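Data block below; observations after.
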Amino acid sequence: MSQAQQAAGIRFDHVGVTYANGFVGLDDITLRIDSGEMVAVVGLSGAGKSTLVRTINGLVPISSGQITVGGVGLKDLRGKGLRTVRSEVGMIFQSFNLAKRTTVINNVLMGRLYHTPAWRTLLAAWKRDDVELAMQALERVEIVHKAYANASELSGGQQQRVAIARSLAQRPRVILADEPTASLDPPTSHVVMRDLQRINAELGITVVVNLHFLDLARRYGQRVIGLRGGRLVFDGPGADADAGVFESIYGRSLTAEDMLPGHQQAAV
Ligand SMILES: Nc1ncnc2c1ncn2[C@@H]1O[C@H](COP(=O)(O)OP(=O)(O)O)[C@@H](O)[C@H]1O
Ligand SMILES: [Mg+2]
């Protein structure tokens, strides 16, 4: 691996997160995610998946250890330094978080906010290049025909694809997705996961995606990270995440409810 690739990666060194109420959200996490990897994070509800991804863009501050993103240490980073890291890290949520009362293209242009002076955004005086970039991002998730529709008119799957386009317009090096398919039906979940997979493969953007279903994680994560009680209990190729691994992550054996509906037959 080249030095540049290493520099663009994400490193956790003995990272701990203790919330204000004393709850330990992450406990001594050490891992390295190289630039261009696609990693799925799995675990029970409360295992620390959201906490983990939110530390990567500084949304959750770390209490101990260090995280570096592109060689920049996040602990105690604030102001301009933190904004720079955030500009390189796109974020996608379960609930899409679109501005519903405006158009799709306006939502995607919000991804350019990090790179645009405030007066331009206040006047909505977007540069042609920004509009072009936003359109390209919509093309990449195959929803450019909806550019001038109101965001509220879109289905859940379409809204999530707009959210992906918005993060792409940011020109990120990393995309963090926190259970991006949790509000979607199974076929749409696959569409969104395939979008993320394509973005990872074609643009070389590092993707870290939290998933509730292990079968989705195995299918789309070249690498699966398992969390339990804030600790790392598995880190390996999706293909190695067998029934024994499942038990170590979930503390019990696998049932049909652990699979994305319609995929009960998939072998784990
Ligand atoms: N702001 C907070 N204050 C206190 N505890 C929190 C806070 N945010 C999350 N937690 C707790 O940390 C644990 C891990 O949460 P989270 O990272 O959201 O897990 P997951 O995404 O895997 O469901 C949970 O037990 C949750 O209740
Ligand atoms: Mg969560």
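Bear in mind that the values in this text are calculations on the coordinates, not laboratory data. Predicted, not measured: the structure shown is a model, and the values here were computed from it. Neighbour counts are summed over all protein chains in view; Cβ atoms, including those assigned to glycine, are modelled from backbone coordinates with ideal geometry.
Could you please rank Asp76, Asp195, placing first whichever residue has the fewest other Cβ atoms within 10 Å of its Cβ? Please report the intermediate quantities before stating the final value.
On the way: Asp76 10, Asp195 21.
By the 10 Å Cβ count, ascending, the order reads Asp76, Asp195.
Between Asp240 and Ser152, the contour length at 0.36 nm per residue exceeds the Cα-Cα span by 27.6 nm. Taking the chain as a Gaussian network of alpha-carbon nodes connected by springs under 10 Å, the highest mean-square fluctuation of the residues Asn210, Asn97, Asn57 belongs to Asn97. Within the chain, DSSP assigns beta bridges of which about 50% are antiparallel (rounded to the nearest 5). What fraction of the Cα pairs in the chain, stated in percent, has a spacing above 35 angstrom? So the pairs more than 35 Å apart make up 15 percent of the total in the chain. Computed from the C-beta positions of Glu247 and Arg32, the FRET efficiency with R₀ = 22 Å rounds to 0.30. Using a cutoff of 8 angstrom between alpha carbon atoms and counting only pairs six or more residues apart, the relative contact order for the chain works out to 25 percent.
Spin-label model, Val24 to Ser63: label points 7 Å out along the Cα-to-beta-carbon direction sit 0.9 nm apart.
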